[in-house]
Each structure stands twice: as structure tokens, then as C-alpha cells.
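Okay, structure first, notes after.
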Amino acid sequence: MKRTPTVEVRPPDRRDEWAASWYRERLDDPTLLDAAVVLVLDGPGSMAVPSGGRRLGGYLSVDDDVTVLRAMRDALDGREGFPHVRVRLSEHPEVCHRVEWGPAPPECGDHALRGRFYGYSEQAIVAYVDEAREE
């Protein structure tokens, strides 16, 4: 039987500046970062930005086993800004599993709709859509 991993939950700090700046440049409401948390198992952490305002939900991509996913889910469960936390297993081996919160995200290929769901600014959505068209 696998032992449940211990997940440290901490506020973001200088070690997380790359992730924080990535979100700061893209979120419609960057003040959500004030309530973000970092989940740490081993090594670098994963930043979880809460829902709020236009941001209806969020997720962490996790390339690990179900025990780790459940421990990460449990670490977020009950925290303000992280409603309906759940594990979503990928059906495709090349795609990471996810820990999600908020309502289910749109399942369509509409990047703008999904961007709005995750609370990204219109400027960030337009930039992403334009980049995706070029690929």
C-alpha cells in the first residue's frame, strides 16, 4: 500500500516569481495572486491560483500517480477560492492528469471561451489565439 505523500501548502515567494509573473501578465484580475498558494511535494512547487471575479476555475497539470493527485486535491479542498476540487485523470498517455477546481471547464476547442473561463484578460486571449493560428 502506498503511503500518502505530504503536501506542503505555502504562500508564493521569490522561488515562485516565474509562475507569478506568468499569471500577472495574463490574468484579468492579477490581485487573485494575493490568495494563490503553492503546493510542494518534492522540489519546486506548483502555484494554484484561486477562482474569483471572471476566473471561474483553475487547474494544475500533474504528471504523477493518483496518490499524489489525491494528496494535492486534499491540500486545496476547503480553501477559499478553490471550490469543488477534484482529480481528473487523462484518457491519453501523452496528456497530464489534472487537479481542477470550480465548475467544469468548457470542453470545446474555442480558445477564447476557455481563456475567459480561466479569467485571462482579453489582451492575453487575443495574443494566445493569434499565436495558435500561426502554428
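We did not get these values from a lab; they are worked out from the coordinates using the rules stated. The structure displayed is predicted, hence computed values, not measured ones. We place every Cβ from the backbone using ideal geometry, glycine too, and count neighbours over all the protein chains shown.
Relative intensity of the chain on a log10 scale, I(q)/I(0) at q = 0.18 Å⁻¹, equals -1.09, per a Debye sum over C-alpha point scatterers of equal strength in the absence of solvent.
Listed from fewest to most Cβ neighbours within 10 Å, the set Y120, Y23 follows the order Y23, Y120. The order of L33, L89, going from fewest to most other C-beta atoms within 10 Å of their C-beta, is L89, L33. Per-residue ellipticity at 222 nm from helix content only, as computed over the chain with -39500 (n - 2.57) for each DSSP H run of at least four residues, stands at -9000 deg cm²/dmol. A simple spin-label model places pseudo-atoms 7 Å from Cα toward Cβ; at S61 and R3 they are separated by 3.1 nm.
Taking the fewest neighbouring Cβ atoms within 10 Å as the starting point, the ordered list for R3, R10, R73 is R3, R10, R73. Modelled label positions at S90 and R114, each set 7 Å beyond Cα in the direction of Cβ, lie 1.3 nm from each other.
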